[in-house]
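Have a look at the structure below before the remarks.
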Amino acid sequence: MGDLLINLLASVIAGTAVWLTGFLLRRRKLNRARAFFGLTAGASCLLVVSRHASSPREFSVHRRDVAALVELATIARECGAHADRVGENQPTGEIGRLTEFCVGGPGASPRSATHVRAILRGVTYEIFDEDKRRMSFTVGGTEYVYSPETSYVLLARFWGPTGGRPVFFIGGLTAGSNLAGARYLTKHHPDLARTFGTDRPFALVLRIIEPAAYGTDFTELIADVTDIAFQPPPHPDDETTPQPPEMPATHSSS
């Protein structure tokens with residue numbers, strides 16, 4: 001009888017230890033995710049996305065952008081926060097007040113255009129030509145050009161001049177590229193946290209290979225452009241002579 005009680009007690013202790021270890025690991029993972037995204041339990045965050053370009057409806061969103069918003073809202077929910085969707089014509093508020101996920105490039109989103117102009121000064125998005133076949137962005141002399149076989153997305157995290165909560169920028173060349181960027185962020189944020197911590201900005205170029213065949217499954221990191229994307233603002237006293245721009249190298253689907 002005594003041996004049975006000892007065995008039962010040992011089983012209870014072992015089971016409790018396993019449960020407690022699992023609980024602490026889950027809590028540690030949750031705290032790391034909250035710190036990386038700047039989210040806390042019960043907090044709000046913003047999902048900023050532009051209207052579907054070819055739809056006359058004010059609140060219409062491309063279905064792949066909707067899927068990207070679902071991925072990002074899942075991040076917020078797992079962190080115990082809740083997400084509020086903000087359209088392109090709705091007031092967003094000052095940067096840093098809430099964590100912000102900004103989906104879409106500056107050609108489709110006024111909010112994205114502001115972020116690129118004010119913070120991502122080393123990045124240039126090309127305005128689409130008339131037949132919308134020319135889509136690209138350039139960072140540090142390298143141009144990332146859309147083709148049917150290859151697309152690209154710039155994934156960045158940064159803060160405003162006064163700090164506060166971070167902005168996560170997902171500026172793809174297509175709505176499918178935006179979805180690929182959101183899914184990459186969802187899957188790889190623990191790796192990004194180990195690399196960049198909770199307080200360092202980053203800007204990464206992701207390549208989506210054969211999106212028509214594979215969707216977002218074949219998405220890879222091809223360049224860390226952090227040191228190039230975040231250029232300081234021009235000083236008003238600078239009196240430099242403008243130089244002709246260099247012809248950018250082209251990153252194609254090779």
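The values are calculated or read from the model by the stated rules, or taken from the named source; none is laboratory data. These figures come from a predicted structure and were not determined experimentally. Just the protein is used for accessible areas: all its heavy atoms, side chains included, with ligands, DNA and RNA removed. Shrake-Rupley method; radii C 1.70, N 1.55, O 1.52, S 1.80 Å.
Protein chains only, probe 1.4 Å: how do SER147, SER177 rank by accessible area, largest first?
Largest accessible area first, the list is SER147, SER177.
What does the convex hull of the alpha-carbon atoms of the range 186-233 project to on average, in nm²? The Cα convex hull of the range 186-233, projected and averaged over all directions, gives 4.4 nm². Straightening the chain between ALA213 and ARG121 buys 29.7 nm, computed as 0.36 nm per residue apart minus the Cα-Cα spacing.
Accessible area, 1.4 Å probe, largest first: how do HIS82, HIS189 sort?
HIS82, HIS189
Ranking of THR162, THR142 by solvent-accessible surface, largest first: THR162, THR142 (1.4 Å probe, protein heavy atoms only, all chains present).
The amide H of ALA43, built 1.01 Å from its N in the peptide plane, has HIS82 as neighbours under 5 Å, considering only residues 5 or more places off or on other chains. Stretched out straight at 0.36 nm per residue, the stretch from ALA41 to SER147 would grow longer than its current Cα-Cα span by 34.0 nm. Sequence-ordered 3J(HN,Hα) estimates for the range 102-107 from the Karplus curve with 6.51, -1.76 and 1.60 and θ = phi - 60° stand at 10, 10, x, x, x, x Hz, glycine and proline given as x.
Solvent exposure of THR74, expressed as accessible area, is near 30 Å², computed with a probe of 1.4 Å over the protein chains only.
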